[in-house]
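Working notes, structure below.
Derivation of every value follows stated rules applied to the coordinates shown; laboratory data play no part. Note that the structure is a prediction, hence the values are computed from the model and not measured. Here the Cβ is made from the backbone with ideal geometry for all residues, glycine too, and neighbour counts use every protein chain on show.
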Amino acid sequence: MAAVLIDGKALAAKCKAQVAEQSKSFRSRPGLAVILVGDNPASKVYVGGKRRDCEECGFYSEEFDLPANAGQKALLELVDALNQRPEIDGILCQLPLPEGYDYDEQEVLLHIDPGKDVDAFHPVNVGKIMIGNYDFLPCTPAGVMRMLDAYGIDPAGKHCVVVGRSNIVGKPQAMLLLHRHATVTICHSRTPDLAAVTRQADILVSAVGKVGLITADMVKPGAVVIDVAMNRNEAGKLCGDVDFAAVSEVASYITPVPGGVGPMTRAMLMENTLTAARLHGKE
């Protein structure tokens with residue numbers, strides 16, 4: 001029996017509609033600033049998507065395009081200026097920064113006011129997530145949790161396996177599942193016999209960025225499979241880590257790529273921006 005498709009696109013539309021409705025009651029519009037350094041085509045697409053999301057939600061938005069050679073000093077000065085502007089509630093610096101220049105991504109993230117850190121990458125916000133007392137959640141892990149909730153999938157008491165240990169997805173995803181009383185295993189490039197671990201998962205989250213990493217024989221029958229990755233196969237088609245067609249015949253629920261986690265990541269950014277505006281007294 002084929003798995004139930006978790007429709008991230010439809011759920012994201014519902015989430016953004018709720019954000020738009022809530023923002024109508026605010027005294028002033030929530031504001032998001034997006035910084036793009038260089039001319040990475042994929043980053044430009046992402047920034048364009050965020051602009052449209054802001055329009056849908058009734059937010060004020062500004063984009064700042066810096067040349068690849070702008071330099072760390074100019075970038076930090078821009079962040080500092082945005083920290084001081086009351087109409088800006090959220091600041092997002094599109095990563096990765098251009099290679100071949102003297103950029104320090106960690107220093108940039110540290111410069112963003114934690115109260116405007118709608119990506120939840122600042123160490124203050126990371127620490128709050130660790131103890132379960134947070135204002136913002138990283139957008140992708142938050143989106144995954146919202147998808148599980150929307151489809152009535154409770155992580156409590158389940159064995160959840162997260163493949164990937166990035167600061168952006170893998171680590172916070174594991175922490176959010178742990179907060180929901182799951183037993184969590186994190187796998188990575190040094191994990192021996194990955195398949196032996198993934199076959200134990202009731203909920204399997206893959207966030208590596210490797211086409212065809214998760215095959216049907218690596219999935220326990222009836223498992224929930226969440227594919228966070230966004231890759232392109234040899235034909236140039238968007239795909240995730242999971243062999244979607246084959247795994248769909250084994251899993252109980254599965255996310256597609258595209259149309260799964262990606263739209264939810266953007267929707268959660270809108271929710272974080274709304275939260276930031278609320279914290280700044282705009283409601």
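Compared with the alpha-carbon gap, the fully stretched path from residue 133 to residue 151 is longer by 4.0 nm at 0.36 nm per residue.
Going down the table (50/158; 16/116; 14/44; 14/282), which pairs top 29 Å between alpha carbons? Distance filter (> 29 Å) returns 50/158. Roughly what angle does helix 72-83 make with the longest principal axis of the chain, taking Cα atoms, 0 to 90 degrees, to the nearest 10? Roughly 80 degrees between the two axes. Here the calculated FRET efficiency for residue 2 and residue 56, from their Cβ-Cβ distance with R0 = 30 Å, stands at 0.40, rounded to the nearest 0.05. With both labels modelled 7 Å from their Cα along Cα-to-Cβ, the residue 45 to residue 249 distance reads 3.0 nm.
Magnitude of the charge dipole for region 108-185, about its Cα centre and with charges confined to Cβ atoms of Lys, Arg (+1) and Asp, Glu (-1), is about 220 debye.
Using only side-chain charges placed at the Cβ, +1 for Lys and Arg and -1 for Asp and Glu, the dipole size of region 138-261 relative to its Cα centre rounds to 360 debye. Placing R0 at 22 angstrom, the Cβ-Cβ distance between residue 99 and residue 178 gives a FRET efficiency of 0.05 after rounding to 0.05. Applying 1/(1 + (r/R0)^6) with r as the Cβ-Cβ distance of residue 27 and residue 189 and R0 = 45 angstrom yields a FRET efficiency of 0.40. The relative contact order of the chain comes to 24 percent, based on Cα pairs under 8 Å that sit 6 or more residues apart.
Each peptide in 59-72, 198-211 gets a packing score, the mean of other Cβ atoms within 10 Å over its residues, and the list from highest to lowest is 198-211, 59-72. Among 5, 269, 258, which residue has its Cα positioned farthest towards the positive end of the charge dipole of the chain, with +1 placed on the Cβ of Lys and Arg, -1 on the Cβ of Asp and Glu, and the dipole taken about the Cα centre? Among 5, 269, 258, the one farthest towards the positive end of the dipole of the chain is 5. Projecting the Cα atoms of 208, 219, 167 onto the charge dipole of region 138-261, computed from C-beta unit charges around the Cα centre, puts 167 farthest toward the positive end. For the chain, a crude dipole built from +1 on the beta carbon of Lys and Arg and -1 on the beta carbon of Asp and Glu, taken about the Cα centre, is about 640 debye to the nearest 20.
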